[in-house]
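Student: Here it is, the structure, as structure tokens.
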2 protein chains.
Amino acid sequence: MIETPYLLFLGDAPDPLAAKVAQGIRDWRPDHAVGQYRMEGCKADLGLADMSLAEAKAAGARTLVIGVANRGGIISPAWKKVLVAALEEGFDLASGLHNLLRDEPDLAAVATACGRQLHDVRVPSVKYPIASGVPRSGKRCLAVGTDCSVGKMYTALAMDSEMKVRGLKSSFRATGQTGILITGDGVPLDAVVADFMAGSVEWLTPDNDADHWDMIEGQGSLFHVSYSGVTMALVHGGQPDALILCDEPTRPHMRGLPGYKLPSLEDLRDVALTLARVANPACQVIGISVNTQHMTEEQALAHLAEVEARMGLPAVDPFRQGAGRLVDALSAV
Amino acid sequence: MIETPYLLFLGDAPDPLAAKVAQGIRDWRPDHAVGQYRMEGCKADLGLADMSLAEAKAAGARTLVIGVANRGGIISPAWKKVLVAALEEGFDLASGLHNLLRDEPDLAAVATACGRQLHDVRVPSVKYPIASGVPRSGKRCLAVGTDCSVGKMYTALAMDSEMKVRGLKSSFRATGQTGILITGDGVPLDAVVADFMAGSVEWLTPDNDADHWDMIEGQGSLFHVSYSGVTMALVHGGQPDALILCDEPTRPHMRGLPGYKLPSLEDLRDVALTLARVANPACQVIGISVNTQHMTEEQALAHLAEVEARMGLPAVDPFRQGAGRLVDALSAV
């Protein structure tokens, strides 16, 4: 559990895209974002107040979150200076970088000396159980994709926000680095040891109120041969009551797999539902979320109408249209 | 890679079943088994020559393999005495125990001093890649089960033996502790980090001669909610050309999951084949292996005849009948 609120470290981001983790926090958990810390030459700007470490501390920030990708796979001396100063100022540090903070001897030593925490969210910090398969109370919704990176996290976050706007009970359950940094906790599923994957998802989505929904962040795809085992653990460990099918219709092949075509939404529906019903016989596919960022508004609306008619399910792009109709569909479950 | 041949350590096994790893080596790789080492009170006997460490060394043994389960989750002082003496005598040690040899300070120190290896086969020793999905040459056969522990390893080992008897090219590819100790190498798949599962299976079953078969040891079941992600990685990483369906028809529920019924062979066939064809569109289900150990001979034969007629595929119990008909079916692929 990472202490909130955050000061968002944008470093010397070469462009806005490099700071997409920070942007995610800004968009989805604005209450967590007290301010931003930018170094000389930073080309990203979240529109938050620029703060020094002392100013952020005074404003209540507890953790400095590295919200930017690092260049060349190293934590540069210039970054180090800020990170060490932040620890000395009393901040914990949180990072989703491949290089672990704990593996940097200077950061580790200063953190120990100052009594501060280093959160490397790529590494599991919990000893997860083996999945028991025992039915749980409360309801769970899982986004499953035709491919990786088609908008599963965005869909779950958008549905969670809409639920909260309506005063309904909902928790976004993060299963990847960005999601964990946005919400402050979760399971870094791709780094969990095979035998404990489904158990970690059960741990993440425990018994809850009968009218509470967990919006589980999806990972990978049942049709992506590199990562399908991770997706399978979500389908079985998550015991979803509702599935959302996610698609990006302009992609020529599976991400990183030039020889592999994307499955149809029908194929995804049939396979995902068959497997999900092993763990929860009542599971239903309730809607479709389409990432139409590479289409014009006109193309997008035509495509969504065609998918909706063909599949007999609400089909929306939550970025263009909001997640209202997907949340509407949950109420029928 | 564990150096062969072995001296099989049976310790103070309380009964023959406790030595089932040693029995597996004895049954499937008799050339690897130079002799057995038994302590006072040992109730297991593989019918091999009882040897002292010095005798086994003289007979050419290179590695002492712990072929017996330990009691109470500890490596006892009595075992330690033998293990230390074996290192000093020049043996490497190999173990599939949950307690790792390397975590015992005395064993680790003696091994270093003597220049010997400690092989803990539960722990991956390789940095596996992420799966690429690129088609590989050679052919691969994977056993998939209605449940865990229904005879997948036995089936693959029996088919591999039959292939070799016929002079055909075959490799058994181990994915679990017992299989790794039997053959001397493999991937401990249940201990691999999620993102690298499918890649480890690709690594295990590389390009090969066009007429060579890898007989891949299955794990878990696509229908077992605790371990299905591991099975999925085998189905996609293994790129199987042929699937064998494995069943144990008397089991009242999924292993360890009292609330879960076993799927039908038809359900297993349909789901496994749909998923396998993502990675290899030519994949076929070629036969059925039934573990009939809890049936009389008459019951077993009647059941196999019924399954064979119903599924339109050869159905055999390789323990009762050998794997000949399953190997016959491979030649059609």
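The values are calculated or read from the model by the stated rules, or taken from the named source; none is laboratory data. Worth saying up front: this structure is predicted, and the values here are computed from it rather than measured. Methodologically, a virtual Cβ is constructed for each residue, glycine included, from the backbone with ideal geometry; neighbour enumeration extends over all protein chains shown. Side chains included, ligands, DNA and RNA excluded: accessible areas come from the protein's heavy atoms. Shrake-Rupley method; radii C 1.70, N 1.55, O 1.52, S 1.80 Å.
Student: Kindly write out, for the range B:111-124 in residue order, the coupling ³J(HN,Hα) from the Karplus curve 6.51 cos²θ - 1.76 cosθ + 1.60 (θ = phi - 60°), rounded to whole Hz, with x marking Gly and Pro.
Tutor: So the J values, rounded to whole Hz, are 4, 4, 4, 8, x, 9, 9, 10, 9, 9, 6, 6, 10, x.
Student: Output the Cα-based Rg and Dmax of chain A in Å, rounding Rg to one decimal and Dmax to a whole number.
Tutor: Rg and Dmax of chain A, Cα atoms, are 20.3, 62 Å.
Student: What is the distance in Å between the Cα centroid of the range B:63-104 and that of the range B:236-259?
Tutor: Comparing the Cα centres of the range B:63-104 and the range B:236-259, I get a distance of 32 Å.
Student: Send over a whole-number figure in Å² for the accessible area per residue of the protein assembly as shown, probe 1.4 Å.
Tutor: That works out to 39 Å² per residue.
Student: Measure off, as a whole percent, the carbon and sulfur share of the 1.4 Å-probe accessible area of the protein assembly as shown, all protein chains present.
Tutor: Ligands and nucleic acids excluded, carbon and sulfur give 53 percent.
Student: Mind putting a number on the dipole of chain B about its Cα centre? Charges go on the C-beta only, +1 for Lys and Arg and -1 for Asp and Glu, and I need it in Debye to the nearest 20.
Tutor: Magnitude of the dipole: close to 240 debye.
Student: In the range B:12-27, whose amide N lies under 12 Å from the spot 7 Å out along Cα-to-Cβ of B:Arg71? List them in ranges.
Tutor: B:12-15
Student: Taking K and R as +1 and D and E as -1, what net charge do the other residues with C-beta under 15 Å from the C-beta of B:Gly138 add up to?
Tutor: -2
Student: While we're on this one: State the percent of C-alpha pairs, over all pairs in the range A:98-144, separated by a distance greater than 15 angstrom.
Tutor: So the portion of pairs separated by more than 15 Å is 66 percent.
Student: Moving to a separate point now. With the Cα gyration tensor of the protein assembly as shown in hand, convert its eigenvalues to equivalent ellipsoid semi-axes via √(5λ) and list them largest first in whole Å.
Tutor: After diagonalising the Cα gyration tensor, the semi-axes are 47, 34, 21 Å.
Student: Still on this structure, I have one more. Relative to a virtual label point 7 Å from the Cα of B:Glu306 in the Cα→beta-carbon direction, which members of the range B:227-255 show backbone nitrogen distances below 20 Å?
Tutor: B:245-254
Student: Using a simple spin-label model with points 7 Å from Cα along the Cα→Cβ vector, what separation in nm is obtained for B:Asp270 and B:Arg166?
Tutor: So the label points at B:Asp270 and B:Arg166 sit 3.1 nm apart.
Student: So, counting K/R as plus one and D/E as minus one, what does the shell of residues with Cβ under 12 Å around A:Arg38 add up to?
Tutor: Neighbourhood net charge equals -3.
Student: Dipole of the protein assembly as shown (Lys/Arg Cβ +1, Asp/Glu Cβ -1, origin at the Cα centre): which of A:Leu262, B:Leu243, A:Val235 lies farthest to the positive side?
Tutor: A:Val235
Student: Assuming 0.36 nm per residue, please report the length gained on full extension of the stretch B:Arg325 to B:Glu3 beyond their Cα-Cα distance.
Tutor: Length gained, B:Arg325 through B:Glu3: 112.6 nm.
Student: Just name one of B:Ala279, A:Thr155, B:Leu97: the one whose Cα is farthest towards the positive end of the charge dipole of the protein assembly as shown (beta-carbon charges, Lys/Arg +1, Asp/Glu -1).
Tutor: It is B:Leu97.
Student: Here's another thing I want to ask about it. Charges at C-beta only: +1 for Lys and Arg, -1 for Asp and Glu. How large is the resulting dipole of the range A:6-120 about its Cα centre, in Debye rounded to 20?
Tutor: Here the range A:6-120 has a charge dipole of around 120 debye.
Student: Starting from the range A:244-333, pick out the trypsin sites (Lys or Arg not before Pro) whose DSSP state is loop and whose Cβ has at most 16 other Cβ atoms within 10 Å.
Tutor: Here the sparse-neighbourhood loop sites are A:Lys261.
Student: Once B and A are treated as a pair rather than alone, how much accessible area drops out, both sides summed, in Å² to 100, probe 1.4 Å?
Tutor: Answer for the B-A pair: about 2600 Å² buried.
Student: May I pose another question? I need to check one value: relative contact order of the range B:1-146, counting alpha carbon pairs closer than 8 Å and at least 6 residues apart, in percent.
Tutor: Dividing the mean separation by the residue count of the range B:1-146 yields 21 percent.
Student: Now a separate question. Return the inverse of the average 1/r over all pairs of distinct C-alpha atoms in the range A:207-288, which is the Kirkwood hydrodynamic radius, in Å to one decimal.
Tutor: That comes to 13.6 Å for the range A:207-288.
Student: In this model, which of A:Lys20/A:Lys139; A:Lys43/B:Lys127; A:Lys169/B:Lys261; B:Lys127/B:Lys164; A:Lys43/A:Lys80; B:Lys152/B:Lys261 are farther than 28 Å apart at the alpha-carbon?
Tutor: Over 28 Å Cα-Cα: A:Lys20/A:Lys139; A:Lys43/B:Lys127; A:Lys169/B:Lys261; B:Lys127/B:Lys164.
Student: Could you compute the longest span of chain A free of GluC sites (Glu not before Pro) located in DSSP loops and having at most 15 other Cβ atoms within 10 Å, not counting the site residues?
Tutor: A:41-333
Student: Treating the beta-carbon of each Lys and Arg as +1 and of each Asp and Glu as -1, no other charges, what is the dipole magnitude of the protein assembly as shown about its Cα centre, to the nearest 20 debye?
Tutor: 200 debye
Student: Follow-up question, since we're still on this one. With a 1.4 Å probe on protein heavy atoms only, tell me which residues of the range A:184-214 lose at least 10 Å² of accessible surface in the complex relative to the chain by itself.
Tutor: Buried-area filter returns A:Asp190, A:Ala191, A:Val192, A:Val193, A:Ala194, A:Asp195, A:Met197, A:Ala198.
Student: So what does log10 I(q)/I(0) come out to for the range B:142-210 at q = 0.15, 0.17 Å⁻¹, using the Debye formula with one equal point on every Cα and no solvent?
Tutor: Per q value, in the given order, log10 I(q)/I(0) is -0.54, -0.70.
Student: Using only DSSP helix segments of four residues or longer, with each worth -39500 (n - 2.57), what per-residue ellipticity at 222 nm results for chain B after dividing by its residue count and rounding to 500?
Tutor: -10500 deg cm²/dmol
Student: Apply the Karplus parameterisation 6.51 cos²θ - 1.76 cosθ + 1.60, with θ equal to phi minus 60°, to every residue of the range A:134-139 and state each ³J(HN,Hα) to the nearest whole Hz, in sequence, with x for glycine and proline.
Tutor: 5, x, 10, 7, x, 10
Student: Let me ask something else about it. Restricting attention to the alpha-carbon atoms of the range B:139-332, what are Rg (one decimal) and Dmax (integer), both in Å?
Tutor: That works out to 15.4, 46 Å for Rg and Dmax.
Student: Continuing with this model, one more query. For chain A, what does the relative contact order come out to in percent, with C-alpha contacts under 8 Å and a separation of six or more?
Tutor: Rounded, it is 15 percent for chain A.
Student: Along its three principal axes, how long is the range A:6-120 when you only count alpha carbons? Whole Å, largest extent first please.
Tutor: Projected onto its principal axes, the Cα set of the range A:6-120 covers 34, 33, 24 Å.
Student: Residue by residue through the range A:24-37, which ³J(HN,Hα) values in whole Hz follow from phi under the Karplus form 6.51 cos²θ - 1.76 cosθ + 1.60 (θ = phi - 60°), with glycine and proline marked x?
Tutor: Per residue, the Karplus-derived 3J(HN,Hα) values read x, 5, 4, 6, 9, 9, x, 5, 7, 9, 6, x, 10, 10 Hz.
Student: Moving on to the next point. Relative contact order (percent) for the range B:245-308, with alpha-carbon contacts under 8 angstrom and 6 or more residues of separation?
Tutor: 40 percent
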